[in-house]
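The values are calculated or read from the model by the stated rules, or taken from the named source; none is laboratory data. Fair warning: this is a prediction, and the values are worked out from it, not measured in the lab. Counting neighbours? That spans all protein chains shown, and the Cβs are built from the backbone with ideal geometry, glycine included.
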Amino acid sequence: MTQTPIGRFRFMDQQNVNLDGFATPDAELGLIAFDSPHDPTPSISIHNGEVIEMDGKTVDQFDTIDEFIALHGLNIPVAEEAMAIDSLQFAREIVDPNIPRAHIVHMASGMTPAKLAEVLAKLSAAELVIAMTKLRSRRTPSNQAHVTNRSDDPLLLAADAATAAAFGFREIETTVPVAGDAPSNAIAVSIGAAVASPGMLVQCSVEEAAELEMGMRGLVSYAETVSLYGTEQIFVDGDDTPWSKAFLTSAYASRGIKMRVTSGGGAEALMGGAENCSMFYLEARCVSLARAIGSQGVQNGGIDSAAVAGSVPGGVRSLMAENLMVMVRNLEACTGNDALMSESDVRRTSRTHPIFIGGSDFICSGFGSIQRYDNMFGPSQWNSEDIDDFLAMQRDWGVDGGLRTAQEPEVVRLRRRATEAVTAVYSWLGLGDFTSAWAEQAIDAAGSKDVPDSDLMLPLSASRTILDTNVTMLDVITALAETGFDVEAERCLDMLKARVAGDYLQTAAIFDEDMNVLSLVTDPNVYSGPGTGYRPSEKRQQEIDTIRQQKSVSDIRNEQATFVTDDLRVLGEAEVSHDPRDVVIGVSPATGREIWQTLSGISVSDALRELLAGLEEEGCVGRIVRINDTVDLGMVGLQAARMSGSGISIGLQAKGTALIHRRDLAPLANLELYSVAPTLDKELYRLMGINAGRHAKGATPEPMRNPYSDEAIEARYHTRVVGLVAIERDCSSSAAPETMEVDR
């Protein structure tokens, strides 16, 4: 007989984290993060400048990955010295701020995959953060956006690309739900990005040959979806070899196209070819191979297989250690955080946060700047639903995560300009025509569901025309210039010039908004402990610190001014009453002066009406008295009780907090208290009035309680409370209490 779990476990079972898959570690399946019993012991033998043995294999036992790494992926002159270093000692040197980055990179260049895996596995989570701070290539962190939609809608793509640039992303990656739409998507995103900023790098992620062709035409400016794997069998399954990947890398570089490869722990286990090895060791082979084939960098940290790594103990730590391994090998680190690893907001934040703190060349290799449902890569670890959260995290920690707050009027302007530019280019090149209704929907849309007038066939027909008529970026630039979009034309032309110059083929290269190349060469990361390394400029820190939701006391004062009413008036100086039915409602100094709406959204006048109505139901007479010399609710209530004929009062702060007091009690020893003002409605204020009336008649009513709430009341309202209390203090004075009335 199956026993139903008890309530606590029924509740726990319903939490999102239990939608995730968790695996029992199994080295035979490759479901182990570090240190599989089948991982090789680090070793190397060199004869006449050639590797004859590596990580337990002699040269005749090498597979294609071993062979390529041995030929091209090791710094032979330093290899024997590097391999002789004690792994724990080198792990400590990685963390030690007194050991220069250059030394770490130099020695790591001679280490085999097994040695790299052994060293980096020794670092704890906190040590990984310190090491990443020290070892990333580029001093200035950045971020990359996904811009896709389920309709391949060119207008929406352009508008969303412009929006991503406005939020500070410096790379934009798009892809397609329909393979044939790729050329149209590439053009639309490139135009939208150029509308918002110079120097935006754009990729369209599709099949490698098609992606390379778009690069040759100038329609994209970088690539990153050239996949590497840690076992030979997975390469064979994909009809690839390290040599074919190296050729593709060279093809991109020869045309001035920035390029990095993609790998990630768990891929081999997911595809059934892990060969009993740990995820981390296999990724060490991929990173060594990336160095060997001449890639500028690596996109890793699980990527599509992040959930596989995350399913085993230590797996999330291994994802970050993979990223660090890329930095140790002096490559650009695009640190994953793209595929949604978990249904738990806590787990996915936990996975990203150490990298966010440590800093990376690209914090996310695909922050979904569009909505989750529109992300054709699959939902990202971070999506448009999370942009405000990410910006707040930056502000909380004073950390540069590569993003900034974009103001709505500017985003509206950019989205309109982007749709107008795409409309003009598509018309000029004969790629298609867009209706004004379609354009307006795209400008306003949060996602493709908000654009019902989009034509799903237009991107496909446009792409065929692009291919059939050999449209290049020069044609797009001409169309922009001929239709009045000179700024965008110049920005797109500057990107083509940059490809000819080749400066952004440097490791970890991006452009700033003045078209300066920031890279390992021009913006090297130098960290030697506190007070060194990257510090945001004053201007950048201001961008980080300023978010659209922040409110000053002045903002709150102006907001309250919109609720001013003439239904609450002062009648004159208040007097002590001796009527046993008299119950005074004492209100705070700003009531009827500068605060007119409570935290729950109801007006102060309405709260007073309900309190008075409740008193009347019990046969009492309510009287409103403004207490001017204190903002403390306990003292407001106590002073009111001492003026009340019944000795009972209600204290009400203008922000909505309320209590019932009695004249013989200490200031804080009230009878009943509504402490959570944002949860109070009219009915609750009426019930407080009723209970106050019953206390006045000598009864002992059942105390009223704050409503149930699992909301983050403090986070939502406390900063507003600080502003409202400041306004109350400005209104307080030595003036005598005043009688007030409210229209009924």
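Given the conditions (1) of a type in the set (D, E, K, R); (2) touching a strand residue (DSSP E or B) at 6+ places or on another chain (Cβ under 8 Å); (3) within 23 Å of Asp632 (Cα to Cα); (4) surrounded by 14 or more Cβ atoms within 10 Å (Cβ to Cβ), and given that Glu594 satisfies all but one, which numbered condition is not satisfied?
Every condition holds for Glu594 apart from (2).
Could you check the range 390-419 and list, in sequence order, the residues that are closer than 13 Å to Glu543 by Cα, among the basic types (Lys, Arg) and in a helix (DSSP H, G or I)?
Within the range 390-419, Arg395 is the sole residue that qualifies.
When you go through (1) touching an Asp or Glu at 6+ places or on another chain (Cβ under 6 Å); (2) surrounded by fewer than 20 Cβ atoms within 10 Å (Cβ to Cβ); (3) within 21 Å of Leu684 (Cβ to Cβ) one by one for Ala613, which number turns out not to apply?
(1)
Taking the condition modelled with pLDDT of 95 or more, farther than 27 Å from Ala251 by Cβ and in a helix (DSSP H, G or I), does Ala479 pass? I'd like the intermediate steps shown before the answer.
On the way: modelled with pLDDT of 95 or more: yes; farther than 27 Å from Ala251 by Cβ: yes; in a helix (DSSP H, G or I): yes.
So Ala479 passes the test.
Select, from Asp60, Asp66, the only residue that is at pLDDT 95 or above, under 16 Å from Ser288 (Cα atoms), of a type in the set (D, E, K, R) and more than 35 Å from the chain's Cα centre (by Cα).
Asp66
Which numbered condition trips up Tyr708, out of (1) within 30 Å of Arg581 (Cβ to Cβ); (2) outside any helix (DSSP H, G or I)?
If we test Tyr708 against (1) within 30 Å of Arg581 (Cβ to Cβ); (2) outside any helix (DSSP H, G or I), just (1) comes out false.
Just checking, does the range 440-454 include any residue being in a loop (DSSP other than H, G, I, E, B), closer than 21 Å to Asp160 by Cβ and either free of Cβ contacts under 8 Å to residues at least 40 places away in the same chain or of a type in the set (D, E, K, R) (or both)? Before you say what the answer is, go through the steps one by one.
At the first step, the residues of the range 440-454 found to be in a loop (DSSP other than H, G, I, E, B) are 445-447, 451-454.
Pick out the ones that are also closer than 21 Å to Asp160 by Cβ and you get 445-447, 451-454.
Within this subset, residues satisfying the condition of being either free of Cβ contacts under 8 Å to residues at least 40 places away in the same chain or of a type in the set (D, E, K, R) (or both) are 452-453.
Yes: the range 440-454 contains one or more residues that are in a loop (DSSP other than H, G, I, E, B), closer than 21 Å to Asp160 by Cβ and either free of Cβ contacts under 8 Å to residues at least 40 places away in the same chain or of a type in the set (D, E, K, R) (or both).
Select from the range 1-39 the residues that are part of a helix (DSSP H, G or I) and of a type in the set (A, V, I, L, M, F, W, C) and write down the one among them that is surrounded by the most Cβ atoms within 10 Å (Cβ to Cβ).
Ala27
Of Val553, Val583, Val570, Val604, which residue is β-branched (Val, Ile, Thr), at pLDDT below 95 and touching a Gly at 6+ places or on another chain (Cβ under 8 Å)?
Val553
Can you tell me which residue in the range 303-322 is farthest from Val226 (Cα to Cα), limited to those that are in a helix (DSSP H, G or I) and among the polar types (S, T, N, Q)?
The selected residue is Ser318.
Assigned to a helix (DSSP H, G or I), small (Gly, Ala, Ser) and modelled with pLDDT of 95 or more - does that describe any residue in the range 323-337?
First, pick out the residues of the range 323-337 that are assigned to a helix (DSSP H, G or I): 323-328.
Of the ones still in play, those that are also small (Gly, Ala, Ser) are none.
Among the residues of the range 323-337, not one is assigned to a helix (DSSP H, G or I), small (Gly, Ala, Ser) and modelled with pLDDT of 95 or more, which makes the answer no.
Take the residues in the range 712-740 that are in a loop (DSSP other than H, G, I, E, B) and out of contact with any helix residue (DSSP H, G or I) (no Cβ under 8 Å at 6 or more places or on another chain); name whichever of them is surrounded by the fewest Cβ atoms within 10 Å (Cβ to Cβ). First the steps, then the outcome.
Our first condition is that a residue be in a loop (DSSP other than H, G, I, E, B); within the range 712-740, this holds for 712, 732-737.
Going one step further and asking which of them are out of contact with any helix residue (DSSP H, G or I) (no Cβ under 8 Å at 6 or more places or on another chain), we end up with 712, 732-736.
Details: Ala712: 9, Ser732: 17, Ser733: 9, Ser734: 6, Ala735: 13, Ala736: 13.
Among those that are in a loop (DSSP other than H, G, I, E, B) and out of contact with any helix residue (DSSP H, G or I) (no Cβ under 8 Å at 6 or more places or on another chain), it is Ser734.
Checking Lys497 against (1) surrounded by 14 or more Cβ atoms within 10 Å (Cβ to Cβ); (2) more than 32 Å from the chain's Cα centre (by Cα); (3) among the basic types (Lys, Arg), which single condition isn't satisfied?
Result: Lys497 fails condition (1) only.
Scanning the range 670-679 for residues that are touching a residue at least 24 places away in the same chain (Cβ under 8 Å) and either among the polar types (S, T, N, Q) or under 15 Å from Pro703 (Cβ atoms) (or both), which turns out surrounded by the most Cβ atoms within 10 Å (Cβ to Cβ)?
Among residues in the range 670-679 that are touching a residue at least 24 places away in the same chain (Cβ under 8 Å) and either among the polar types (S, T, N, Q) or under 15 Å from Pro703 (Cβ atoms) (or both), the one surrounded by the most Cβ atoms within 10 Å (Cβ to Cβ) is Tyr674.
How many residues are more than 13 Å from Ser184 (Cβ to Cβ), within 25 Å of the chain's Cα centre (by Cα) and not aliphatic (A, V, I, L, M) if we restrict to the range 200-222?
Going through the range 200-222 one residue at a time, the tally reaches 4.
Could you list all residues from the range 246-281 that are under 19 Å from Phe68 (Cβ atoms), surrounded by 24 or more Cβ atoms within 10 Å (Cβ to Cβ) and more than 31 Å from the chain's Cα centre (by Cα)?
Of everything in the range 246-281, just one residue is under 19 Å from Phe68 (Cβ atoms), surrounded by 24 or more Cβ atoms within 10 Å (Cβ to Cβ) and more than 31 Å from the chain's Cα centre (by Cα), namely Cys277.
For the structure I just gave you, tell me whether Ile602 is in contact with a strand residue (DSSP E or B) (Cβ under 8 Å, 6 or more places away or on another chain) and more than 12 Å from Asp582 (Cβ to Cβ).
Spelling it out, it is not the case that Ile602 is in contact with a strand residue (DSSP E or B) (Cβ under 8 Å, 6 or more places away or on another chain) and more than 12 Å from Asp582 (Cβ to Cβ).
Can you find a residue that is under 16 Å from Thr423 (Cα atoms) and among the hydroxyl-bearing types (Ser, Thr, Tyr) anywhere in the range 470-477?
no
Filter the range 491-517 for residues that are charged (D, E, K, R) and either in a loop (DSSP other than H, G, I, E, B) or over 20 Å from Gly168 (Cα atoms) (or both) and give the result. It would help to see each step written out before you state the result.
Start the filter on the range 491-517 by keeping residues that are charged (D, E, K, R), which leaves 491, 494, 497, 499, 503, 512-514.
Within the range 491-517, Lys497, Arg499, Asp503, Asp512, Glu513, Asp514 meet the criteria.
Could you check the range 372-382 and list, in sequence order, the residues that are polar (S, T, N, Q) and more than 18 Å from Ala193 (Cα to Cα)?
So the first thing to find is which residues in the range 372-382 are polar (S, T, N, Q), and the list is 375, 380-381.
Those that are polar (S, T, N, Q) and more than 18 Å from Ala193 (Cα to Cα): Ser380, Gln381.
From the residues in the range 131-190 that are over 20 Å from the mean Cα position of the chain (by Cα) and among the polar types (S, T, N, Q), which one is surrounded by the most Cβ atoms within 10 Å (Cβ to Cβ)?
My answer is Asn185.
With the checklist (1) touching a residue at least 24 places away in the same chain (Cβ under 8 Å); (2) surrounded by fewer than 24 Cβ atoms within 10 Å (Cβ to Cβ); (3) in contact with a Lys or Arg (Cβ under 9 Å, 6 or more places away or on another chain); (4) at negative phi in hand, flag the one item Glu332 doesn't pass.
(2)
Would you confirm, using the coordinates I've provided, whether Ala437 is over 35 Å from the mean Cα position of the chain (by Cα), surrounded by fewer than 18 Cβ atoms within 10 Å (Cβ to Cβ), in a helix (DSSP H, G or I) and at pLDDT 95 or above?
On the way: over 35 Å from the mean Cα position of the chain (by Cα): no; surrounded by fewer than 18 Cβ atoms within 10 Å (Cβ to Cβ): yes; in a helix (DSSP H, G or I): yes; at pLDDT 95 or above: yes.
No.
Scan Ala182, Ala161, Ala165 and give me the residue that is within 10 Å of Val202 (Cα to Cα) and outside any strand (DSSP E or B).
Only one candidate passes the filter, namely Ala161.
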